[in-house]
Amino acid sequence: MNTDSIQAFLMDREKRVYNQEKLMEKNKDKTLVTIRINYPGLEKSNYITDDIVNIIYSDIMTYHKKYIVYNDKYKNREGLVCHLLFRADFVSIKKLMIEIEEKHILGRCIDIDVYTYKNDKIIGISRSDLYKAPRKCFICDLDAKICSRAQTHSIDEIKKYFDELYKRYKKKQEFIEDISYNISQLALKAMISEVSTFPSFGLVSPISDGSHKDMNYYTFLNSSMAITPYLKEMAKFSYTYKSPQYIFDIIRNIGLECEEKMLEATNNVNTHKGMIFLMGICISATMKAIYEDKNFYDIKDIIKVMTEDILDDFKDLNLKKELTHGEKLYLYHRFTGIRGQVKDGLSVVFDNIIKEYENTTLDGNNLYTQILIHLMSVVEDSTVVYRQDIQTLRKVQSDAKDLLKIGGVNTVEGKNRIEKLEKEYIQENISPGGCADLLAVSIFLLDIKNKYMNR
Ligand SMILES: [Zn+2]
């Protein structure tokens, strides 16, 4: 090795350490994370090693954005170097970083150092500080430090390992892209099937605008198309080892962008706000279940874990200037609505609808109408309450129960009653919008069960 290049390398390392010290001095209460490639020799930068650092960096930025107060990356002779400052304690950040090193496909290719500031100096947190075993060598599984000091493995051997892992990562990304696309298409199909269902008790359909003056079938088509790419994004980010709570954080952010696009596509008519929320959670939990190789009904538990803190949304509502429909209903009637439903793991869908209809001989419009009636008989539909009142909700529920008793779509008597109620609900301006969203989610989950998780 050339002494000059060793000198230059050491100088860059010193500069990097200097940068870290400066950053910590100015942010004594924060936790510093530095990412570098874990690669031997003096030639650390190539398109694969740089991309690996970038991938890990953007992963951290994506999933943990809300705690990051500063981020910066630059290239020197150590390769690509990234610094991130977290507004969080060093123990939880070190745990998160160890998880990345251990669970991300490319985790073994990088060094993620975590620092805190104590007694006027910067301190690196080691695995043993958290009672964790030292890192293993990526090739032979011995203690990584032993192999690196003894230079047990040749640079060629390590280079080959990096190349293979990188290829495996790229292949996995292709798979995630494909499955996210396919599953988001099932969500699109479900949303279109829902709005195509007729009769639908005051909802919009191709035959009628129902109880609505500001939207029609085509508003819903536009809205569905605008939403689907965001559902695909949510699916992609949910195929991960990250905990359901972290996944929920990022899909909520995607959901906000998605709402904007929906309003753009509908000239500011709220067609699918509840749908984005429900379908987003379902598509995410489904992808997480597929990632974990779980069974269909485990999706329900993932939804519960994801949304366990969801009712925190209702804290301090009296301080808010503008309230959403859901917030008003909570404030005035203690109605938990759609949030209560997900917190409960959408049990009405998993325990009532899927179990009842997974082996039905009904299909298409008849099946979807019947599911809608079933939902109306049990769901506390906040759209009905918001547009009318609790008494109207109780009437809708008992109408639907009576309808099921006389067979619903399966009998002539049922069909006649359905037509009568459709007219009556339009006259009274009733629209079971909450049930409509749950119908779409039911159609989606029935498809997922049949096509992806039939065991
Ligand atoms: Zn080794």
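Every number in this text was worked out from the coordinates using simple rules, so none of it is lab data. Given the structure is predicted, the values throughout are model-derived calculations rather than measurements. As a convention, Cβ positions derive from the backbone with ideal geometry for all residues, glycine included, and neighbour counts pool all protein chains shown.
Between helix 390-405 and the chain, what is the angle of the helix's C-alpha long axis to the longest principal axis, kept within 0 to 90° and rounded to the nearest 10? Between helix and principal axis, roughly 80 degrees. For the stretch 1-57, dividing the convex hull volume of the Cα atoms by the residue count gives 84 Å³ per residue.
Compute the FRET efficiency between residue 11 and residue 423 as 1/(1 + (r/R0)^6), taking r as their Cβ-Cβ distance and R0 = 56 Å, and round to the nearest 0.05.
After rounding, the FRET efficiency stands at 0.10.
Each residue, residue 141 and residue 359, gets one label point 7 Å from its Cα in the Cβ direction; the gap between the two is 4.4 nm. Each residue in 153, 64 was given a count of other beta-carbon atoms within 10 angstrom of its own, and listing them fewest first yields 153, 64.
Compared with the dominant Cα axis of the chain, that is its longest principal axis, helix 364-378 is turned about 90°.
Here the residues 297, 386, 239, 47, ranked from fewest to most Cβ neighbours within 10 Å of their Cβ, fall in the order 47, 297, 386, 239.
Using only alpha carbons, the chain has a radius of gyration to Kirkwood radius ratio (Rg to Rh) of 1.08. Note on residue 152 and residue 28: the model spin-label points, each 7 Å out from Cα along the C-beta direction, lie 4.3 nm apart. Here the stretch 3-153 is described by how far its Cα atoms reach on the three principal axes: 39, 34, 30 Å, from widest to narrowest. When only alpha carbons of the stretch 370-455 are considered, Rg and Dmax amount to 14.1, 45 Å. Over the stretch 72-208, the hull volume per residue, using the convex hull of the C-alpha atoms, is 227 Å³.
Seen against the Cα atoms of the chain and their longest principal axis, helix 273-291 is set at about 50 degrees. The residues neighbouring residue 407, those whose beta-carbon lies less than 10 Å from its own, together hold a net charge of +2 under the Lys/Arg +1, Asp/Glu -1 convention. For a 4.7 Å threshold on C-beta separation, the list of partnerless cysteines in the chain reads 82, 109, 140, 258, 282, 435. Over the stretch 332-410, what portion of Cα pair distances is larger than 18 Å, expressed as a whole percent? Of all Cα-Cα distances in the stretch 332-410, 47 percent exceed 18 Å. The aspartates and glutamates within cross-link reach of residue 405, meaning a Cα-to-Cα straight distance under 18 Å and a gap of 8 or more places when in the same chain, are 356, 413, 419, 422. Available extension along the chain between residue 21 and residue 450 is 148.9 nm, counting 0.36 nm per residue and deducting the alpha carbon span. Using the Cβ-Cβ distance between residue 333 and residue 182 with R0 set to 41 Å, the FRET efficiency works out to roughly 0.55. Here the label points at residue 378 and residue 118, each 7 Å from Cα along the C-beta direction, are separated by 5.3 nm in the simple model.
Computed from the C-beta positions of residue 72 and residue 389 and an R0 of 56 Å, the FRET efficiency is 0.50 to the nearest 0.05.
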